[in-house]
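Chemist: One structure, as structure tokens, below. Some questions next.
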Amino acid sequence: MKLHGILITTLLLILSCQPNKPAETLRELTGLQTPETLYGELLHDVQMARVFPDGKTFVDCVPKVSPEEITRLYKAQKTKDGFDLKSFVLEHFDLPVQHASGFVSDSGKSTEEHIASLWPVLTRTPDSRHPGTLIPLPYPYIVPGGRFGEIYYWDSYFTMLGLQVSGRADMIRNMVNNFAYLIDNLGFIPNGNRTYFLGRSQPPFFSLMVGVLAEMEGDSVFQAYLPQLEKEYAFWMEGTAGLTADKPANRRVVRLPDGAVLNRYWDDLPGPRPESYKEDVETAAKSGRPIEEVYKHLRAGAESGWDYSSRWFADGKSLETIRTTDVLPVDLNALLYHLEWTIAQTYLSNGQKDKADVWIEKAKRRVEAVQIYMWNEGAGFFMDYDFVKGEMTYIPSLAGIFPLFFRMATREEALRIAKNIEQDFLREGGVVTTLNLTGQQWDAPNGWAPLQWMTIKGLRDYGHNDLADSIRQRWTELNRKVYRNTGKMVEKYNVQDVSLEAGGGEYPVQDGFGWTNGVFLRLVSGDN
């Protein structure tokens, strides 16, 4: 029984079931316990009272004494006259360290020089044992910045693009090793190295990270990480053998009527997300739907990295209609195609053709299924598929560019996609994430560095260089403009009205910012 295959109420119970990984070893190694397990009622009360403006603050706090002692004291004191919840928290917890609190931008530096000065600020050293929610990692790593003071899975690939330009093979290797460590010890790469992320992963970019390292150190890198590549694939495909026509969905795999199997986003843990607890409780209450069902869709949306977007909304407009687990996302399945193809090519390079053929067949079947279920001939675009309704979602988004990035599309399809990008998605500051104005951060008018990169590279690979160059120029100019005006590289940008900040989401725009830095450096280096 694997760690990631069990719905848990306490993480210790899971660890005790993990084969060949004694519970005490992993417990000593990481101190893994979720905030629900650590603090129970206190977590609920702190988050619902919004003791801190950002719900992530409390779950990142470090207890000054044992959580058991803190919860005992809370039960004893909370009903006394004059009890103040915030004072209690501040007395018994250390607030998260603000690593960049002393950093001041130098307005005399160019954007490139500013990013170079940010790498040390965003660097974290190997973690020691930690009594809070941090999962310790053995090697240095780069964090996104702002409220995101830990490693994040899919962010890290785009950060590595800039580290590659900066010649930092050492840091890229460290980060790949950290992700391999997580796969070896947990069976998968969580959303980030926090225990409240242990129910979910993020878009599976590990095979692309290995590819970046291989570009710097040689193709033997693929062989070195082959065990972890296969373990990650097993995580995403777990439950496939048990799929039937009567039970077509299990965790992250879905069997379609023709027998094809594609993937969806999922989260193995129940309830509201600890780091966005109040927001999830309020969304579920407002929805009028069964609350655990809403929590499941919200958590799956967080695994997608697109938290949140009209891609996941039944009405295309409101978060309360979220139905993420009903949707087979085109980007996720393109990423898993790349993982299958990477494993196949690694076996081929070793002369193991029989094993390579197995993986080539998996990749071919996935391409065929993506073409059947996700190519919208009428619209000339790849779209997500709602397997519950048995139809596409009909919500165009930049996820539709992923088959170009991974060369899964035909030349004719790429031509039609390019026309749609130019006609519908291109804005003054780059390409917009979706065409819907919902107030969510992964919708219009926002643009995001990873999607600019995927779009530019995907278009260029099919010969649409003028459009790719236009997007590149618009995006990098916007990055430079915001830096000149604010001294910051930020998480997301308003590409529709470049005089305004990006908005939406559950927190203010964050600066730092790992993946923006990485994509900017790669684009201005000319290597794209």
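Chemist: Quick one: of the DSSP bridges fully inside the chain, what percent are antiparallel, nearest 5? List each step's numbers first, then the result.
Modeler: Details: 26 of 27 bridges.
Rounded to the nearest five, the antiparallel share is 95 percent.
Chemist: OK, next. What whole-number value in Å² describes the accessible area per residue of the range 222-294 for a 1.4 Å probe? List each step's numbers first, then the result.
Modeler: Numbers: 2960 Å² over 73 residues.
In whole numbers, the range 222-294 has 41 Å² accessible per residue.
Chemist: Still on this structure, I have one more. Please work out the C-alpha center-to-center distance from the range 404-423 to the range 506-526 and express it in whole Å.
Modeler: 25 Å
Chemist: For the range 267-419, just say rounded, prolate or oblate: build the C-alpha gyration tensor, square-root its eigenvalues into a ≥ b ≥ c, call rounded for a/c under 1.5, and beyond that prolate if a/b exceeds b/c, oblate if not.
Modeler: Numbers: a/c = 2.81, a/b = 1.62, b/c = 1.73.
It is oblate, given that a/c is not under 1.5 and a/b is not larger than b/c.
Chemist: May I ask you to list the lysines whose Cα is less than 27 Å away from that of Lys278, ignoring any residue fewer than eight positions away on the same chain?
Modeler: Within the straight-line limit of under 27 Å, Lys278 reaches these lysines: Lys56, Lys64, Lys75, Lys78, Lys80, Lys86, Lys286, Lys296, Lys317, Lys492.
Chemist: While we're looking at this one, here's another question. Return the Rg/Rh ratio of the range 90-244 with Cα-based radii and a Kirkwood Rh.
Modeler: On the way: Rg = 17.1 Å, Rh = 16.9 Å.
Taking Rg over the Kirkwood Rh, I get 1.01.
Chemist: For the chain, what does -39500 (n - 2.57) per DSSP helix run (n ≥ 4), summed and divided by total residues, give at 222 nm, in deg cm²/dmol to the nearest 500? Walk me through the numbers on the way to the answer.
Modeler: Working: 22 runs with 251 residues, N = 528.
Mean residue ellipticity at 222 nm (helix-derived): -14500 deg cm²/dmol.
Chemist: On average, how much accessible surface per residue is there in the range 439-514, in Å², for a 1.4 Å probe, leaving out ligands, DNA and RNA? If you can, show how the numbers build up before the last one.
Modeler: On the way: 2720 Å² over 76 residues.
With the other protein chains kept in place, the range 439-514 gives 36 Å² per residue.
Chemist: Let me ask another. Select from the range 373-432 those trypsin sites (Lys or Arg not before Pro) which occupy a DSSP coil region and have at most 14 other Cβ atoms within 10 Å, ordered by residue number. Walk me through the numbers on the way to the answer.
Modeler: Details: sites: Lys389, Arg407, Arg411, Arg416, Lys419, Arg427; in loops: Lys389, Arg407.
Those that pass, being in a loop and sparsely packed, are Lys389.
Chemist: What ranking of Arg173, Arg129 comes out by heavy-atom accessible area, probe 1.4 Å, highest first? Kindly include the intermediate steps, with their values, before the conclusion.
Modeler: Details: Arg173 85, Arg129 180 Å².
Ranked from most to least accessible, the order is Arg129, Arg173.
Chemist: Next question. Could you provide, to the nearest whole Å², the per residue accessible area of the range 22-164 with probe 1.4 Å? Provide the component values of the computation, followed by the final result.
Modeler: Numbers: 6400 Å² over 143 residues.
Accessible area per residue: 45 Å².
Chemist: Also: Once each part is reduced to its C-alpha centroid, what is the distance from the range 455-485 to the range 226-289 in angstrom?
Modeler: For the range 455-485 versus the range 226-289, the Cα centre distance is 34 Å.
Chemist: Per residue, how big is the convex hull of the chain when only Cα atoms are used? Give it in Å³.
Modeler: Numbers: hull volume 80.2 nm³, N = 528.
So the per-residue hull volume is 152 Å³.
Chemist: Right, another one. Rolling a 1.4 angstrom probe over the protein chains, ignoring ligands and nucleic acids, what is the accessible area of Tyr373 in square angstrom, nearest 10?
Modeler: Looks like 20 Å² after rounding.
Chemist: What part of the accessible area of the chain, given as a whole %, is carbon or sulfur when the probe is 1.4 angstrom? Can you show the working numbers first?
Modeler: On the way: 10140 of 20080 Å².
Carbon-and-sulfur percentage of accessible area, whole number: 51.
Chemist: Report the equivalent ellipsoid semi-axes for the range 414-487 in whole Å, largest first, defined as the square roots of five times the eigenvalues of the gyration tensor built from alpha carbon atoms. Please list the in-between numbers first.
Modeler: Values: eigenvalues 86, 53, 16 Å².
So the three semi-axes of the range 414-487 are 21, 16, 9 Å.
The values are calculated or read from the model by the stated rules, or taken from the named source; none is laboratory data. Here the structure is a predicted model, which means the values were calculated and not measured. Note: ideal-geometry Cβ built from the backbone for every residue, glycine included; neighbour counts use all protein chains shown. Keep in mind that these areas ignore ligands, DNA and RNA; they rest on the heavy atoms of the full protein, side chains included. Shrake-Rupley method; radii C 1.70, N 1.55, O 1.52, S 1.80 Å.
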